[in-house]
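The values are calculated or read from the model by the stated rules, or taken from the named source; none is laboratory data. As the structure is a prediction and not an experimental result, all values here were calculated from the model. Virtual Cβ from ideal backbone geometry, glycine too; neighbours counted across all protein chains shown.
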């Protein structure tokens, strides 16, 4: 969860420098989302080696998080969920982390940078106290409220 916060802060810093979508800022925001979703599924009892098998696929992580009750802790709107699903393939394929000529010519998704930032902030902020409370507690998987 601490890494998710740091990726979110780095993304916010880069986003302040431009009005357009920055692939690097987008990558950092998605990494923050990925890590916060992984922290949540781990807090809900997902085994570590199985968590690693979820990879960088935000769609799979979102499905796993919903299966484990994330909607009891954070309200992701249909627009938020659609945004995460729409960027998942480019993010998982590292299209934003490395310069990809076909993607940059027009083959990839360039989401609204503000929408991605807001969604990432909402998710990271909601997951932070959950993960911190879990690590300070008994270590048992997080129960639904």
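Quick look at the numbers
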| read-out | value |
| --- | --- |
| Residue count, the stretch 43-68 (criterion: modelled with pLDDT under 85, within 18 Å of residue 126 (Cβ to Cβ) and touching a helix residue (DSSP H, G or I) at 6+ places or on another chain (Cβ under 6 Å)) | 1 |
| Residue check, residue 40 part of a helix (DSSP H, G or I), within 18 Å of residue 97 (Cβ to Cβ), at pLDDT 85 or above and in contact with a helix residue (DSSP H, G or I) (Cβ under 7 Å, 6 or more places away or on another chain) | no |
| Residue check, residue 24 at pLDDT 85 or above and within 20 Å of residue 109 (Cβ to Cβ) | yes |
| Test: residue in the stretch 96-119 that is over 16 Å from residue 58 (Cβ atoms), out of contact with any strand residue (DSSP E or B) (no Cβ under 7 Å at 6 or more places or on another chain), modelled with pLDDT of 85 or more and part of a helix (DSSP H, G or I) | yes |
